[in-house]
Amino acid sequence: MQSNSAQAVPIPASQTLDSEKCTSYISHKAVALAAGIGWQGKSLLIVNPDFGPRIRLTTVLTDADIAPDSPIKNRCGKCQQCKDHCPAGAILGANTDSHYSSRSDAIDLKKCVHQVRDVFGKLPNITPGICGICIKVCPWGNKTEKIEPCKP
């Protein structure tokens, strides 16, 4: 793209500016929603129809003339797998058609962070940072188990 005189700046997913609020320069999830990569699941993760929440997001800001895909309708429906398996009880199970107005509508971030940092972080040979249970149990894109995606 740069050979076509377009400018681009990558924003890695792992750069946290505020560790208390768990925020960075930009919401990669909001960019992914707008770009049509997936929908925002009950766990606040972006869920792609092919890979489920098993994706790693990064953002590339550019002035290149690239048309985004259309947003994808939320397909979580009545599924509660992420909520039911969350060891912190942080996922509230609320559904949205497009996106949540705030994180607290869908998840208790303090419970999630406590579970990852204070509970899992104190276990031997475990590096704190991510729990991943909501990713594991999501039926969307799960190629290892014969689980049918939840019906809306």
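Points to keep in mind about this one:
- Top positive-direction residue, dipole computed over the stretch 24-110 with Cβ charges, set Tyr100, Gly89, Thr59: Gly89
- Available extension along the chain between Asp118 and Ala8 is 35.8 nm, counting 0.36 nm per residue and deducting the alpha carbon span.
Read-outs: derived from the displayed coordinates by stated rules, not from any lab. In this text the structure is predicted, and so the values were computed from the model without any measurement. Note that we place each Cβ from the backbone using ideal geometry, even for glycine, and neighbour counts take in every protein chain shown.
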